[in-house]
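Below is one structure, written out as structure tokens; the observations come after it.
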Amino acid sequence: MRPVEDFSNGLFRENPTFRLILGMCPALAVTTAAINGLGMGLATTFVLVCSNTIISLLRKVIPEDIRIPAYIVVISSFVTVVQLVMQGFTPELYGVLGIFVPLIVVNCIILARAEAFAGKYDVVRSAADGLGMGLGFTWALTLLGAAREVIGTGSLSNAYQMFGLPQFSLKIIYGSYDPALITILAPGAFIMLGLMIGLMNLLTKHH
Amino acid sequence: MDIREIMIVIIGAVLINNYVLQRFLGCCPYLGVSKQLETSLGMGMAVIFVMAIASAFTWIVQYYILLPLNLIFLQTIAFILVIAALVQFVELVIRKSSPVLYQALGIYLPLITTNCAVLGVAVINIRAGYSFLLSLVNGTAAAIGFTLAITLMAGIRERIELSDVPPALRGAPITLITAGLLSLAFFGFAGMVK
């Protein structure tokens, strides 16, 4: 099944964050908490699936020479949709993600998939690729956000408030835990992501 | 216009809230084009050029087109189109007018459309409510900050090439960790301006 392969490709083998090293800005900026990473990932996934589908449908209509501006118009339209929906339904998350919601337009994953995949293959495969890449980006951001939040604050309180998950806290496990605040500050973003990519390399022996 | 206010914006954008190291804008070129000192300087110059012009144009678009026509919801689309068109235009003008400059900056210009620092600074200018002059100053200063960060990084990476890095950390991971340490160093500037 081609579409299934295309879908799983983005999840692991060509994970945009851990393998392709694309879309670094949002991955570093919004992952101060697991829930922010999840929100950013899902918003990007929506834009990726929609833009891949539309661009794939239009691939025979768009002239070769002006394809990049055409792609950008399609992508920024869907980003505007996401922006307005988030503003209306999840104003808190919209406030936290701030400037990085309009900046989904210049997330290089989206333009890269449009150029490398959706401009060449049929609709079903392109949508599957968009979904796989988007969810691959989502789990990477959520994992990074969770790691930073747990080490930096000692708990996952933001996710608890959102979903009513069982309250998780390092204090409960170890009795006392001094949060390493650095991981939720700017330098921690770079260092944690670097260590995480290194760990992925180590686990998969794929240097 | 108060000169003090301008200085605060400049120091803020270059050092305190460095666009790459503190605000995470423009990370892709920062990690991708910082292998050599020379190329990263070229990239930095191109970014300064485009970001200054883009700040000015997006400000005009916002206050003379989008606001009077009540089209604020089109901001993202309008800004990215203005930036894409500007980059193409700048490329054309430089190619015609200054072949020397084109040779130095040419290959970097198309990459800049997807540099999120350019769209980022345009949106930040509007959200911060800067005047036209302050937007221009902020755009230029942010780009200078980007150039400073990428040049520092390239210098460090040229040395990392020669050192013995654990295999799993080679490439992107060690670059990210280095960026983290640089970012930590830039924390020292916090509190310079109250």
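Before moving on, here are some points about what is shown:
- Residue count for the stretch B:8-37, restricted to those that are open to solvent by 10 Å² or more (accessible area, probe 1.4 Å), closer than 19 Å to B:E161 by Cα and in contact (Cβ under 8 Å) with a residue 12 or more places away in the chain: 6
- Flag if A:I184 is within 14 Å of another protein chain (Cβ to nearest Cβ), at pLDDT 90 or above and either open to solvent by less than 20 Å² (accessible area, probe 1.4 Å) or out of contact with any Cys (no Cβ under 6 Å at 6 or more places or on another chain) (or both): no
- Search result, residues across the stretch A:116-157 that are open to solvent by 10 Å² or more (accessible area, probe 1.4 Å) and either of a type in the set (D, E, K, R) or in a loop (DSSP other than H, G, I, E, B) (or both): A:G119, A:K120, A:Y121, A:D122, A:R125, A:L156
- In the condition set (1) in contact (Cβ under 8 Å) with a residue 40 or more places away in the chain; (2) surrounded by fewer than 21 Cβ atoms within 10 Å (Cβ to Cβ), B:A128 is compliant with all but (1).
- Just one of the listed residues (B:A149, B:A142, B:A185) is in contact (Cβ under 8 Å) with a residue 24 or more places away in the chain and under 18 Å from A:A189 (Cα atoms), namely B:A149.
- Number of residues in the stretch B:47-60 that are within 14 Å of another protein chain (Cβ to nearest Cβ) and either open to solvent by 30 Å² or more (accessible area, probe 1.4 Å) or over 14 Å from the mean Cα position of the chain (by Cα) (or both): the value is 1.
- Exclusive hit being surrounded by fewer than 20 Cβ atoms within 10 Å (Cβ to Cβ), under 15 Å from A:F117 (Cβ atoms) and touching a residue at least 40 places away in the same chain (Cβ under 8 Å), set A:P3, A:P16: A:P3
- Members of the stretch A:55-92 that are more than 14 Å from chain B (Cβ to nearest Cβ), open to solvent by less than 60 Å² (accessible area, probe 1.4 Å) and assigned to a helix (DSSP H, G or I): A:I55, A:S56
- Residues in the stretch B:67-108 that are buried (at least 20 other Cβ atoms within 10 Å of the Cβ) and away from every other protein chain (no Cβ under 13 Å): B:I94, B:L105, B:Y108.
- Residues in the stretch B:7-21 that are over 11 Å from the mean Cα position of the chain (by Cα) and within 17 Å of B:A122 (Cα to Cα): 4 in all.
- Flag for B:A190 being modelled with pLDDT of 90 or more, within 14 Å of another protein chain (Cβ to nearest Cβ) and surrounded by fewer than 18 Cβ atoms within 10 Å (Cβ to Cβ): no
- All positions within the stretch B:29-46 that are within 11 Å of the chain's Cα centre (by Cα) and not small (G, A, S): B:P29, B:Y30, B:M43, B:M45
- Residue-level analysis places B:A179 outside the set of residues that are facing chain A (nearest Cβ under 10 Å), buried (at least 19 other Cβ atoms within 10 Å of the Cβ) and free of Cβ contacts under 8 Å to residues at least 60 places away in the same chain.
The values are calculated or read from the model by the stated rules, or taken from the named source; none is laboratory data. Keep in mind that what you see is a predicted model, and the values were worked out from it rather than measured. Backbone-built Cβ (ideal geometry, glycine too); neighbour counts: all protein chains shown. When the accessible area is computed, the model is the full protein with side chains, heavy atoms only, and any ligands, DNA or RNA have been set aside. Shrake-Rupley method; radii C 1.70, N 1.55, O 1.52, S 1.80 Å.
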